[in-house]
Structure formats: C-alpha cells, structure tokens
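The values are calculated or read from the model by the stated rules, or taken from the named source; none is laboratory data. The structure presented is a predicted model; accordingly, all values stated were derived computationally and were not measured. Cβ placement follows ideal geometry from the backbone for every residue including glycine, while neighbour counts extend to all protein chains displayed.
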Amino acid sequence: MARSSSHLPVNVGIIMDGNGRWAKRRLMPRSYGHDAGMKRIIKLVDYVRTTGVKYLTLYALSTENLSRPEDELNGLYSLFRKYFEEYAPKLMDDDVAISVIGDISVLPEDVAMKMREVCARSGKNAPFNLIFAVNYGSRAEIVRAANFASRLGGNVTEENFSRFLYTYGVPDPDLIIRTGGEVRLSNFLLWQAAYAELYFTDTLFPDFDEREFNKALKEFSRRNRRFGKV
C-alpha cells in the first residue's frame, strides 16, 4: 500500500492486546491466543515492510506482565525462543534490523542469550527496523535514564537525557496503535510518545490483519500534526 511520505508514519508502535480474550472466545487456553498472536506478528511484519514504514515497535511483554501465572510466562518464553531462532534470522537475511528494548536480564538465560545474539548480529538503520519491547516499562526506563544522567553532573536537557533511553537513535513513534479495545498506553514509550498520534481499535490482536493496519494508516493521514504550533 503506497502512500505519500508526508502522510506516512516513520515509526509505528503497537500495543498488542487481546490474545487472551481471543482464545477465551474460542474456549481455548490463553496460550492458544499467544500462539495466534505470534503468527499474526509474522504476517504483520511482512506486510508493514511493504508500506514504507521504517520502524515497527512491538510491545511484547511489559514489566507488569511478569506477574502473570508461571505457565503462561513459560508459554510466552517458548514463543520468544521460536521467533528468535526460526524467524529472526530470515528477516535479517532480508535486510531487517532487529533490536530489543527492556530489561531482558530477568528472562530465562537461554531466551535472553538468543535475543542478545540476534541483536548483536543485526545491522542498524536498515531499510526496515523491527523493535521488540520485552520486560519493558516506560517508568523504569525513565528512572534508569535519570540515574545515568545524574552521574554526568551538570544540567540535564531533553537531548542529553534521551541519550540514556533504550530507544536512543530511534525516531520517536509517529503513531501508536492499541488493539483489544482498551484506551490507554499502559506504560509504553511514555517519553517518546509525547507527540505521537494514538489509534485505538476493538480488534483483538490475532485479528489485526493488513486491512486493520491500513485503517490505522488512513486515520493517521487525516491527522493534522501541529506539534504545539498554530
């Protein structure tokens, strides 16, 4: 789907919500919904790459999600293993840069190691950049950045503060999409989203296909982004 670059977001963030409810409606366990969500990621990434969007930032696991039942978390970790072992290398072969933001040190060691390995092998500033937010929380990110900045001494500015965010070097999101019907950011990219356009849809993430993504792009193209100016 080709669009004028002036009406196309450079960085799109997606809060992928609704996997559990999608499974519940089908009388299936939550793990079934997460598996469907991963399959949706695979298809969606392939499509978004064709639209002209340069960065796609996916909220895969929040810091708050770590309080979920152990069996659900283990299922998610298995999906991470599969994605980073099977699909990430194929994307990198197609000039996709992959990175992870968040504190992955608390994940199972083999999962964290695989993520680090992929990120280390991946290039930067590729034609398409895929970013996973894993054990990510924006408040924790801001506190982390503030601690780093305080060690430098002197005045803290927006510019030097931003250097210590996980997303340093990545354009701020132009558009943040949340699936699943909830209308909030849930601790996702709070600093970076200061001027992002927000788009909320009732569509559960496993059903968020190319058509639904195009709806979000169409709505974005209608917005008049003034950034505080007249």
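Condition first: surrounded by fewer than 20 Cβ atoms within 10 Å (Cβ to Cβ) and touching a strand residue (DSSP E or B) at 6+ places or on another chain (Cβ under 6 Å). Can you find one or more residues in the range 139-148 that meet it? No, there is no match, as no residue in the range 139-148 is surrounded by fewer than 20 Cβ atoms within 10 Å (Cβ to Cβ) and touching a strand residue (DSSP E or B) at 6+ places or on another chain (Cβ under 6 Å). The residue that is farthest from Ser67 (Cα to Cα), counting only those in the range 122-136 that are aliphatic (A, V, I, L, M) and assigned to a strand (DSSP E or B), is Leu130. Filtering the range 6-52 to residues that are in a loop (DSSP other than H, G, I, E, B) and farther than 21 Å from Leu73 by Cα leaves Leu8, Pro9, Val10, Arg49, Thr50, Thr51, Gly52. Just one of (1) touching a residue at least 12 places away in the same chain (Cβ under 8 Å); (2) part of a loop (DSSP other than H, G, I, E, B); (3) out of contact with any Asp or Glu (no Cβ under 7 Å at 6 or more places or on another chain) fails for Gly180. It is (3). Taking the range 52-77 as the range and being more than 18 Å from Met115 (Cα to Cα) and among the hydrophobic types (A, V, I, L, M, F, W, C) as the test, only Val53 passes. Residues that are in contact with a Gly (Cβ under 9 Å, 6 or more places away or on another chain) and assigned to a loop (DSSP other than H, G, I, E, B) within the range 85-121 comprise Asp95, Gly102, Asp103, listed in sequence order. Right, Ser62: free of Cβ contacts under 8 Å to residues at least 40 places away in the same chain and out of contact with any Lys or Arg (no Cβ under 7 Å at 6 or more places or on another chain) or not? So Ser62 does not fit the description; no.
Please work out which residue is modelled with the lowest pLDDT, limiting yourself to the range 58-84 and to residues that are among the hydroxyl-bearing types (Ser, Thr, Tyr) and in a helix (DSSP H, G or I).
So, considering only residues that are among the hydroxyl-bearing types (Ser, Thr, Tyr) and in a helix (DSSP H, G or I), the one modelled with the lowest pLDDT is Ser67.
Figure legend. Inter-residue proximity from the range 145-158: first residues free of Cβ contacts under 8 Å to residues at least 12 places away in the same chain, second residues among the small types (Gly, Ala, Ser) and surrounded by 12 or more Cβ atoms within 10 Å (Cβ to Cβ), beta-carbon distance below 7 Å, spacing 6+ or different chains. Indicated pairs: Val156/Ala149. Among the residues of the range 114-128, the ones that are surrounded by fewer than 22 Cβ atoms within 10 Å (Cβ to Cβ) and closer than 22 Å to Val12 by Cβ come to 9 in all.
Results for (1) in contact with a strand residue (DSSP E or B) (Cβ under 9 Å, 6 or more places away or on another chain); (2) in contact (Cβ under 8 Å) with a residue 12 or more places away in the chain; (3) polar (S, T, N, Q); (4) farther than 24 Å from Arg211 by Cβ, shown as yes or no for each residue.
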| residue | (1), (2), (3), (4) |
| --- | --- |
| Tyr32 | no, no, no, no |
| Gly52 | no, yes, no, no |
| Asn74 | no, no, yes, yes |
| Glu85 | no, yes, no, yes |
| Ala88 | yes, yes, no, yes |
| Ile98 | yes, yes, no, yes |
| Asp103 | yes, yes, no, yes |
| Glu109 | no, no, no, yes |
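Just a yes or no: is a residue in the range 177-190 at pLDDT below 95, out of contact with any strand residue (DSSP E or B) (no Cβ under 9 Å at 6 or more places or on another chain) and either over 16 Å from Ile101 (Cα atoms) or surrounded by fewer than 20 Cβ atoms within 10 Å (Cβ to Cβ) (or both)? There is no residue in the range 177-190 that is at pLDDT below 95, out of contact with any strand residue (DSSP E or B) (no Cβ under 9 Å at 6 or more places or on another chain) and either over 16 Å from Ile101 (Cα atoms) or surrounded by fewer than 20 Cβ atoms within 10 Å (Cβ to Cβ) (or both).
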